[in-house]
Structure formats: structure tokens, C-alpha cells
Amino acid sequence: MKRFNTRSPDNGERVPFLQLVPNMVTLAGMCLGLTSIRFAMDERFATAVFLILLAAVIDGLDGLIARRLQATSEIGAQLDSLSDFLCFGVAPGVLIYHYLLTPAGGIGWIFVLIFAAATCLRLARFNVMSGKPQEDDKSSPYFLGVPAPAGAMLGLLPAFATLSGVVDLREAPLVVALWLGIVGLLMISKLKTLSPKAIRVPRRLIGPMMFATVIGIGLGFSRPWLFFLALDLVYLGLVIQSLVKARWRLFG
């Protein structure tokens, strides 16, 4: 997927700084994931959620930067997967546990483990299938299962709902635990989910989409958690649509 490609560390050659930028961006995202865990343990949950969201943005940028700079390499792809596991598997699980699942005790922690393991399996499958264009390849119009960043956002849906004031899910830890399990199942499934590359916007909708962007930015600053909750629900609707097309078969 990414990064710099050097020959031998002992040949005395110098590597252009721009070739290092994509990996540096990936490591920055990893640091955000780790810092999110720290804030979650300090019960600063809003900040912890924001850092995971920022890590998701960086995850989308590092690959783009690597391709633009022609700095892709196998080591970069592996580094990206390790960072994704931390940011989108471990950090959301720890955050949700400390924020919403503590009353459930061991049962809540079991579902956190399930969520993290599903993220790990999803990323491992992506690495294996990345050389096969018919499935999880970047050029494909669909993903096989819910991608790890999107899975993290779905996993954070209870946090968005609670932070926005729509519903306080701290009173329903078992529901949150079950939700994490469902998201984990979606990530390791063979459900075909929409890839951004498959989206085609009719020309008549370009204007309304520009206005919707402005409204979204305004809502993001005035009611950010409600905004992210709405985005999550829209994506969840697309996933349900894919499930209906697949006749509710996740592994068929």
C-alpha cells in the first residue's frame, strides 16, 4: 500500500526526506491512537474519541501521500496495518469499555476482545487479499466486509449517541457490548460494502451536495457529536442495504 523503498542500509546512500513522509504520517496516526487510550483511561472521553477520528483522517492521507510521492513499499503497508489495529481495534475498544461497559464487568471486556480480534482478522485478510484484484484491492468498487476504520466508527456509535445527548447508553452496557460484537462480525464477514471509488454523483446533485457540505461543516462545529452520529447512521444504512441485497448472508 505504501512507503519508502531503500536498497541497503549500509551502502552509504541518502534517502530523500519526502520518501520518509508517508511513514512519518502513519506513525503520527499511531501516536494519536495511543494517546486516545491514555485519555480514555483518564476518563476524558470526548478527547479520546476526537483523537480516534483524527487518526482515521490521517489513515486516509498517508496512503494518498505515498502514492503521490511514489514512496510505496511492503514495509509501509505492514506498518500501516499495525497502526490501524491499534487505532481502530484497540483504542476504540478500550474507550468504549471505560466509557460505557464498566458496569458490565467481564462480559463487557469479552466483547471488547471480540471487537479487537475481529479488527485484527480483518486487517490480516486485507494484507493477504491485497494482491488479488477481485476482492479487497483498492481498485475494487467494493470492500469485502466493513473496513477497519469504518468498523471503528460504527463501534463508536454508542459513544456518539451518548456524547450528543440523544440517549445515555451508560445505562445499557449489555446493549453496547452486543453492538460491538455485531460490528466485529460485520468486519470479518464477506459482505460487499461500498467503496468510495464506486460512488458516482449525478450532475444535478452536485449543487445540493455543495450546500450539504456547508451545512455539515456548520453542524460539525456547533453539534459535532450529533454530526458524527448522523454520519454513522447513514453508513449503517448503507451496510443494511448491502445486507438486504445479500439476503442477510454474511459469509455466503
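The values are calculated or read from the model by the stated rules, or taken from the named source; none is laboratory data. Just so we're clear, the structure is a prediction, and the values are computed from it rather than from any experiment. Quick reminder, even Gly has a Cβ in these numbers, built from the backbone with ideal geometry, and neighbours come from all protein chains shown. Accessible surface is based on the protein model in full, side chains and every heavy atom, while ligands, DNA and RNA are left aside. Shrake-Rupley method; radii C 1.70, N 1.55, O 1.52, S 1.80 Å.
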Margin query: Tell me the angle of helix 74-85 to the major Cα principal axis of the chain, expressed in degrees between 0 and 90 and rounded to the nearest ten.
Written below: 10 degrees
Check: Using alpha carbons only, how many degrees (0 to 90, rounded to 10) separate the axis of helix 106-129 from the longest principal axis of the chain?
Finding: 30 degrees
Check: Under the classification rounded if a/c is under 1.5, otherwise prolate if a/b is larger than b/c and oblate if not, where does segment 121-252 fall, given a ≥ b ≥ c as square roots of the Cα gyration tensor eigenvalues?
Finding: oblate
Next item on the list: Calculate, for residue 204 and residue 64, the FRET efficiency according to 1/(1 + (r/R0)^6) with r their C-beta to C-beta distance and R0 30 Å; round to the nearest 0.05.
Entry: 0.55
Item checked: Percent RCO, i.e. relative contact order, over the chain, from Cα pairs under 8 Å lying at least 6 residues apart -> 18 percent
Notebook entry, point to check: Distance in nm between label sites at residue 238 and residue 221, each 7 Å beyond Cα in the beta-carbon direction?
Noted result: 2.6 nm
Check: To the nearest 10 Å², what's residue 38's accessible area with a 1.4 Å probe?
Finding: 140 Å²
Next item on the list: Report, in whole Å, the centroid distance computed from the Cα atoms of segment 141-164 and segment 52-100.
Entry: 14 Å
Check: Where does the chain land at 222 nm, in deg cm²/dmol rounded to the nearest 500, when only DSSP H runs of n ≥ 4 count, each adding -39500 (n - 2.57), divided by all residues?
Finding: -21500 deg cm²/dmol
Next item on the list: Loop sites only, by DSSP: take the chymotrypsin sites (Phe, Trp or Tyr not before Pro) in the chain that have at most 11 other C-beta atoms within 10 Å and name the longest stretch containing none of them.
Entry: 1-247
Margin query: To test your reading of the geometry: what angle, between 0 and 90 degrees and rounded to tens, separates the Cα axis of helix 206-222 from the longest principal axis of the chain?
Written below: 70 degrees
